[in-house]
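Nothing in this text is a laboratory measurement; each read-out follows from the coordinates by a stated rule. All values reported here derive from a predicted model rather than from experimental measurement. Backbone-built Cβ (ideal geometry, glycine too); neighbour counts: all protein chains shown.
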2 protein chains.
Amino acid sequence: MSSPVHPGTDRPRRLDARRNHDQILVIANAAIEQFGAEASLRDIARKAGIGLGTLYRHFPSREALIEALMRERLDTFSKRVRAARSLADPGAALEACILEYLAGVMVYKGIACSFMGAFQDPTSALHAACAAAQEQLDALLRMAQAAGQVRPDVSVKDLLALVNGLAWVFDQGTHAPEQRTILVQVVIAGLRFQRGPSPPAPDRLPGSSHAT
Amino acid sequence: MSSPVHPGTDRPRRLDARRNHDQILVIANAAIEQFGAEASLRDIARKAGIGLGTLYRHFPSREALIEALMRERLDTFSKRVRAARSLADPGAALEACILEYLAGVMVYKGIACSFMGAFQDPTSALHAACAAAQEQLDALLRMAQAAGQVRPDVSVKDLLALVNGLAWVFDQGTHAPEQRTILVQVVIAGLRFQRGPSPPAPDRLPGSSHAT
DNA sequence: ACCTGAACACCGTTCAAGT
DNA sequence: ACCTGAACACCGTTCAAGT
């Protein structure tokens, strides 16, 4: 996949430190890809061939490590949501962004949990990147609501909770990739603006008297 | 709350063993209520005043312990779903069962994850109780689908995944109890049968030209 | 300025030794 | 038939000592 080491993002100045920094990210990327967001930090340090304290020096918390691995992805996501605001159909644009968010959050298992924590906790190393994405999503959501395409009583917080909930479900391994679509469809359908009060429970649909 | 010790469910015959068994459940109930499904087993044994091996003897796995704490609730849930099948409106009955499931799974934090695992893993101590509930829900779901109230392309597996996803979201602490309703409503609305192909994206709803 | 690894306080799980 | 706790192999986090 794409390199987890990105230029110009808090990389140390001294050569040895920079090499350690980068090596940690390469190994952490592999480890978290394999074991999920709860991968052993000790193991990462070991495989990276550095001391455990060195890992903590570069990334003082697990969130800081995940942030370094996800920052670029989150930033481009935010930008793409911003761009999506100028599309003709905000409802369809929002739907596309939801799918994109899901694709992004699924790169590592267990990341949805980290994100949910980051949204709430302003002190989290992941907070800034998540808050930026949330802000853009909020603007797009309101557009879709103003256009009458999304029910007006959901907030971005609700939206992110539902989508992260889906990501968590996918992490559980109950649904193969082809089986996931229906779950996303249900949530998206539920977000859609519903005309009139909840349909008056049709006793039976026309032409469905069903076998005896 | 209600006593976690129930009569006639695999309780040992010898007096000392039975006392230990019951004491473990009392302490485990308190610990899992406080710390969630991942509460320290060592801590539970300590607080129960027994050896760690004794805990393992009575409950060979964390799932076995959770099963003992949840069995009665799960059993009565299954029975209530079964009874709900004879209600006039299967769609409303299913909705009520979903709310009841949510209420049940929320008694301990992190239980949704255990349940998702138990559904998949036939060797889990929790499997039987979960599978029984799933079976009843399946029957009720099919009735609601036959009545045209629920989209026909969702399975019980999908339904349980969505609902456990909601439970997981609630566990994250982003949504206070009053804020949870909207999330449940979105999912339930999404499950409803949708007439015609997805509404052709109304350019604007009648009477919503909105403040320039 | 940066690296190292021992030290501390925890885990879950197993199992030989007891009563 | 049942209980016990040491033993093992892990954690995350901190910090004195090094270069």
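Taking the Cα centre of chain B as origin and assigning +1 to Lys and Arg Cβ atoms and -1 to Asp and Glu Cβ atoms, the resulting dipole is close to 460 debye.
With the charge dipole of the protein assembly as shown set up from +1 on Lys and Arg Cβ and -1 on Asp and Glu Cβ about the Cα centre, the Cα lying farthest toward the positive end among the listed residues B:A131, A:A31, A:I188 is that of A:A31. Taking a point 7 Å from the Cα of B:Q179 along the Cα-to-Cβ direction, the residues of region A:76-116 with backbone N closer than 13 Å to it are A:116. The charge dipole of region A:29-71, taken about its Cα centre with unit charges on the Cβ of Lys, Arg, Asp and Glu (plus for the first two, minus for the last two), comes to roughly 200 debye. The dipole here belongs to the protein assembly as shown: it is taken about the Cα centre, uses +1 on the Cβ of Lys and Arg and -1 on the Cβ of Asp and Glu, and is about 540 debye.
Dividing the summed -39500 (n - 2.57) terms of all DSSP H runs of n ≥ 4 by the residue count of the protein assembly as shown sets its mean residue ellipticity at 222 nm at -21000 deg cm²/dmol.
Amide H contacts of A:R192: A:R151, each under 5 Å away and 5 or more positions distant or on a separate chain (H built 1.01 Å from N in the peptide plane; Pro and chain starts excluded). Output the DSSP H helices from chain B with an along-axis C-alpha extent of no less than 27 Å and a mean Kyte-Doolittle hydropathy no less than 0.0. Helices meeting the criterion: B:127-146. With a ≥ b ≥ c taken as the square roots of the eigenvalues of the C-alpha gyration tensor of the protein assembly as shown, please select rounded if a/c is under 1.5 and otherwise prolate if a/b is larger than b/c or oblate if it is not? Because a/c hits 1.5 or more and a/b fails to exceed b/c, the protein assembly as shown counts as oblate. Using the Cβ-Cβ distance between A:D121 and A:K47 with R0 = 30 Å, the FRET efficiency computed as 1/(1 + (r/R0)^6) comes to roughly 0.55. Neighbouring Cβ atoms from other chains, within 10 Å of the Cβ of residues in B:142-153, number 3 on average. Think of region B:7-101 as a dipole: +1 on every Lys or Arg Cβ, -1 on every Asp or Glu Cβ, centred on the Cα centre; then among B:P90, B:S61, B:I50, B:I50 lies furthest on the positive end. Under 20 Å of direct C-alpha separation, and excluding same-chain neighbours fewer than eight residues apart, B:K79 reaches these lysines: B:K157. Projecting label points 7 angstrom from Cα along Cα→Cβ for A:D153 and B:R73 puts them 2.7 nm apart.
Applying 0.36 nm per residue to the separation of B:Q34 and B:R18 and subtracting their alpha-carbon distance, the gain on full extension is 3.3 nm.
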